[in-house]
Structure formats: C-alpha cells, structure tokens
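Right, one structure below, let's go through it.
Coordinate-derived values only; no laboratory data. Only a predicted model underlies this, so the values are computations on that prediction, with no experimental measurement involved. All Cβ positions, glycine included, derive from the backbone under ideal geometry; neighbour counts span all protein chains shown.
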C-alpha cells in the first residue's frame, strides 16, 4: 500500500510512518516548518533536555524528515518526503501528483498536520514558560482553520476525486484530532478547528462509505508521549 502522511516530521506523524513502513507500506511524508519565535539556541537546548513545554514542541516541529526517511530506509522500507504548507490550498493537488510520481496512487491517507498557537479568552492565563497568552485574533483563528480544518477537508476531497478516477474499491482515511476537541483551555482555536475536523470526518464517513472508503478519527489524549518520537 501507498500511504500519504501529513505532519510527519515529529511526534504522532513520524511514529505512524515508522509503524506503517514496517508493514510493507511505502510512505510519502509531508511536513511544514513555520516561522518560529524561539532562537536556534533555545530550540536546541529544549530538544537536548527533553523538556520545555511549547519550546520543546516547536523544536520538534522545526525538524526536517531526513532522520525519519533515513531510519525507514535503514530498516529496508520505502519513504519519500516533501515539505509543503497545506494552508495554501494550491499545494494539495500538487502533493498528490508528487506522491503518485514517486510511489504510486495513494491507498491510505493519514491527515495529521496541525497549527497550534496558544490563545485564550482568559488574560490571566500564562504559558508553561510563564509568558502571557494572547486573546484570539482574526489572523490566528484563520491560521488554525486554514491548516486544521480546511486543509483536512480539501485533502479528503482530492483523495476522493482520485479514488473515483481510478475506480478503486478500497481506500482508507485516518484523521488525527484530539480528545480535547470539545474545549481546550489556552488552545481555543486549536480545539475549535479540531472539532471541525471531527464534523468533516463524520460527514465523509457517511458519504464516502458507498465508494469503498472508510473514514476514522484518532483522538489522542494529553498523556500521549508524542514529543519523544522523532
């Protein structure tokens, strides 16, 4: 099988790529390194220490997929990586084109990419590092929904279109959400956009099933040891 996994340069995405590669799947992994407010020194220090809250998360997010692809190749697997910002809708069909060119048509789609910026309706809240957390703005709300909701929907739509074009009878979509989609203190737009993912997923499951596509949601809890997967 050919698997396209987004947000796979760290954490759950990288772990998923490793797991599926051991099952003889060819994996096409994507990632996006956004502008980071921390210095290279701060990121490296957090990564070496293995602690640091938001700093550690950003450090893992700033990685390339070089070590992941190398690991899969060393284990005898097949992996190709490509960096793309899925908030730009024009990149989505290009991503499928590239995967088809390198590995073949996508059998399994794992949407795992995310935008996660601290936001709150409570100005008294602070981050793990002790800094203040901003109120939501139009820009931060749009950023979350462009990446976490719209891109998921467009990835599924593009996948369905190609599934129908090749008259395939078996396909799988897995969308990664969170068990805090109903509400998440200090991550309010993140949670709201994840809630949108779950709504899209349930609608897709109901409507795509007759075409041989199953759609499932994975909603990890806050105790997931995602930061220690590379």
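Listing for the model above:
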{"quantity": "Taking all pairs of distinct alpha-carbon atoms in region 119-197, Kirkwood radius in angstrom", "calculated": "14.5"}
{"quantity": "Least to most buried among 194, 1, 161, 210 (fewest other Cβ within 10 Å first)", "calculated": "210, 161, 1, 194"}
{"quantity": "Relative contact order (%) - region 62-154, alpha-carbon pairs under 8 angstrom, separation at least six", "calculated": "25"}
{"quantity": "Beta bridges by DSSP in region 99-230, antiparallel share as percent, to the nearest 5", "calculated": "10"}
{"quantity": "Region 63-171 shape via C-alpha gyration tensor axes, a/c threshold 1.5", "calculated": "oblate"}
{"quantity": "Mean separation of Cα contacts under 8 Å (6+ apart) over length of region 96-229, as relative contact order %", "calculated": "27"}
